[in-house]
1. Working only within the range 38-72, note down all residues that are in contact (Cβ under 8 Å) with a residue 24 or more places away in the chain, within 18 Å of residue 18 (Cβ to Cβ) and outside any loop (DSSP other than H, G, I, E, B).
2. Are any of the residues in the range 100-114 surrounded by 10 or more Cβ atoms within 10 Å (Cβ to Cβ) and either without any contact (Cβ under 8 Å) to a residue 40 or more places away in the chain or within 28 Å of residue 5 (Cβ to Cβ) (or both)?
3. Give me a count of the residues in the range 35-51 that are in contact with a helix residue (DSSP H, G or I) (Cβ under 6 Å, 6 or more places away or on another chain) and under 15 Å from residue 73 (Cα atoms).
4. Test residue 20 against the criterion of being free of Cβ contacts under 8 Å to residues at least 60 places away in the same chain and in contact with a strand residue (DSSP E or B) (Cβ under 9 Å, 6 or more places away or on another chain), and give yes or no.
5. Please enumerate the residues belonging to the range 6-15 that are within 20 Å of residue 41 (Cα to Cα) and surrounded by 14 or more Cβ atoms within 10 Å (Cβ to Cβ).
6. So residue 72 fits all but one of (1) surrounded by 14 or more Cβ atoms within 10 Å (Cβ to Cβ); (2) modelled with pLDDT under 95; what number is the exception?
7. Among the residues of the range 15-34, which ones are closer than 15 Å to residue 78 by Cβ and either part of a helix (DSSP H, G or I) or at pLDDT 95 or above (or both)?
8. Return a yes/no flag: does the range 26-34 have any residue that is touching a helix residue (DSSP H, G or I) at 6+ places or on another chain (Cβ under 6 Å) and surrounded by fewer than 16 Cβ atoms within 10 Å (Cβ to Cβ).
């Protein structure tokens, strides 16, 4: 259950368009400040800072103080965790679809010798 809770927190954090944009910017630009992340955003720097707290709580970003500035960096391990979770879900669906295909495509069985038909 702890694994599912961790996945839920991760996908909750990624489920917001603003937070997803922040993750994309960090992935493309390396470590950035909240001010840099708010450039071009439709929300304030303070809102970005709150979104960063959610992302950090889910382990998706970490922060480091550089002089007077705090910069945030993407934690790619957590993105790998998200991908692994989705890969497992995908594999389970593939197995279920394979079982369904086998059932649907299986040729009809011939009745056993001596078996009575009920029609």
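The values are calculated or read from the model by the stated rules, or taken from the named source; none is laboratory data. Computed from a predicted structure; not experimentally measured. Methodologically, a virtual Cβ is constructed for each residue, glycine included, from the backbone with ideal geometry; neighbour enumeration extends over all protein chains shown.
1. Within the range 38-72, 47, 48, 51, 52, 54, 55, 57, 61, 72 qualify.
2. Of all residues in the range 100-114, those surrounded by 10 or more Cβ atoms within 10 Å (Cβ to Cβ) come to 100-101.
Of the ones still in play, those that are also either without any contact (Cβ under 8 Å) to a residue 40 or more places away in the chain or within 28 Å of residue 5 (Cβ to Cβ) (or both) are 100-101.
Yes, the range 100-114 has at least one match.
3. So the count comes out to 6.
4. Working: free of Cβ contacts under 8 Å to residues at least 60 places away in the same chain: yes; in contact with a strand residue (DSSP E or B) (Cβ under 9 Å, 6 or more places away or on another chain): no.
Considered against the rule, which asks whether it is free of Cβ contacts under 8 Å to residues at least 60 places away in the same chain and in contact with a strand residue (DSSP E or B) (Cβ under 9 Å, 6 or more places away or on another chain), residue 20 comes out as no.
5. If the condition is that a residue be within 20 Å of residue 41 (Cα to Cα) and surrounded by 14 or more Cβ atoms within 10 Å (Cβ to Cβ), then 13, 14 are the ones that fit.
6. Unmet condition: (2).
7. Narrowing the range 15-34 to residues closer than 15 Å to residue 78 by Cβ: 15, 19-20, 22-24, 26-27.
Listed by number, the residues that qualify are 19, 20, 22, 23, 24, 26, 27.
8. no
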